[in-house]
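Shown next, in structure tokens, is the structure this report addresses.
No value in this document is a laboratory result; all are computed from the given coordinates. Given the structure is predicted, the values throughout are model-derived calculations rather than measurements. Reconstructed Cβ throughout: ideal geometry from the backbone, glycine too, with neighbour counts over all protein chains shown.
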Amino acid sequence: MGSLKVTLCTGAAVVLATLTPTAYAADGGGVSVTPASPAPGGEVALKISGCAGTTGSAASDAFVADAKLVGAAGTLAGETRVRSSLEPGSYDVKITCGSVTVKGAIKVVADASQSPSAPPSTPASPVAPVHAGGGGTARHLAAVDAHAAGPGTAHAVVGLLLAGVAATAVALRSARRSRRTG
């Protein structure tokens, strides 16, 4: 049983090795990339068939991060993003699933829908901060005039009255303690 598994994995590796250099063509081989020729900054979906395991990875200098491949029944799939700073060209991809390692290439092309001087339609990173924290009070406090919302005469009078009550309470308590001890 063990030698059958090794034979199948070796056969799959040989088939994948012969088909992988054209993996970017996605013409029904063991490895497919969608879209076949991504532009810098684009999402890429990878799919590999003939793997014995249920997890794997695809690594390339063209990717922002390694693609984590998961699946069952010999087919693994995953997604990653192409680096937005890449120049068009061919980049090596190393796919690993179980004990099988397959090397191939991905062809990154310039986005033909844009002129060289036009900005990209999808920015590579967020262009505006996320509205988080403060519960919306930051915007409210930024719009309020600090001098108009500060304490007025009424606040000062209330504060003085409370300080007087606190001082009287401390004095009375001190007087009661001194009578008991003396």
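In order along segment 32-40, phi translates into HN-Hα couplings of 10, 10, 10, x, 4, 10, x, 8, x Hz, rounded to whole numbers, per the Karplus curve 6.51 cos²θ - 1.76 cosθ + 1.60 with θ = phi - 60° and x for Gly and Pro. Between T153 and T75, the contour length at 0.36 nm per residue exceeds the alpha carbon distance by 20.5 nm. A Förster radius of 22 Å combined with the Cβ-Cβ distance from D92 to A45 puts the calculated FRET efficiency at roughly 0.75. For G42, the residues whose modelled amide H falls within less than 5 Å of its own, excluding neighbours fewer than 5 places apart on the same chain, are V82. 3J(HN,Hα) along segment 165-173: 4, 5, 5, 5, 4, 5, 5, 5, 5 Hz, from the Karplus curve 6.51 cos²θ - 1.76 cosθ + 1.60 with θ = phi - 60°, whole Hz, x for Gly and Pro. Note that segment 49-66 has calculated 3J(HN,Hα) couplings of 10, x, 8, 7, x, 10, 9, x, 8, 10, 10, 7, 5, 7, 8, 5, 9, 4 Hz, one per residue in order, obtained from phi through the Karplus relation 6.51 cos²θ - 1.76 cosθ + 1.60 (θ = phi - 60°); glycine and proline are x.
The slack between S84 and A52, meaning 0.36 nm per residue of separation minus the straight C-alpha distance, is 8.2 nm. Would you kindly work out the equivalent ellipsoid of segment 44-118 from its C-alpha gyration tensor and give its semi-axes, the square roots of five times the eigenvalues, largest first in whole Å? Three semi-axes, in Å: 28, 11, 9.
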